[in-house]
Amino acid sequence: MAPVVSTVAITRDQLRRSRLAAGMSQEEYGKRAHYSPSMVSAVELGQTVPNLAYLTRADEVLDTGGLLVSLRELGRRDGEPVWFRPWLEVERVATQLREQRGGDPARKAGESAQ
């Protein structure tokens with residue numbers, strides 16, 4: 001059975017592959033992305049977990065079409081218990097419905113908005 005690899009590790013590996021495919025050194029990539037070479041190295045070695053801003057900028061500089069940010073979202077979802085994952089979509093839709101109706105579900109029926 002193959003070992004389970006974390007989404008963070010997959011994201012980190014894909015980031016490095018994308019940088020190398022673009023023909024950039026860590027230093028050159030860092031200059032274009034506005035990060036120090038030591039930060040780039042720390043991310044690629046797994047010493048620092050890249051945040052959303054880092055991955056968004058990496059997607060732009062490396063022209064990955066949003067791949068790295070998408071992998072981050074998968075990692076976020078993977079962190080949820082398996083039984084809870086279907087409810088994440090239900091919650092997302094319910095929030096949209098509440099916002100579209102413009103009402104506060106906590107407000108009791110019959111109360112008027114002031």
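The values are calculated or read from the model by the stated rules, or taken from the named source; none is laboratory data. Model, not experiment: these values are computed from the prediction. We work out accessible area using only protein heavy atoms, side chains counted, and drop any ligands, DNA or RNA first. Shrake-Rupley method; radii C 1.70, N 1.55, O 1.52, S 1.80 Å.
With θ taken as phi - 60° and the Karplus curve 6.51 cos²θ - 1.76 cosθ + 1.60 applied, the whole-hertz 3J(HN,Hα) list for the range 46-53 is x, 7, 9, 8, x, 8, 4, 4 Hz, x standing for glycine and proline.
For the range 7-55, give the percent of accessible area contributed by carbon and sulfur heavy atoms, probe 1.4 Å, rounded to a whole number.
Working: 1450 of 2740 Å².
Here carbon and sulfur together make up 53 percent of the probe-accessible area.
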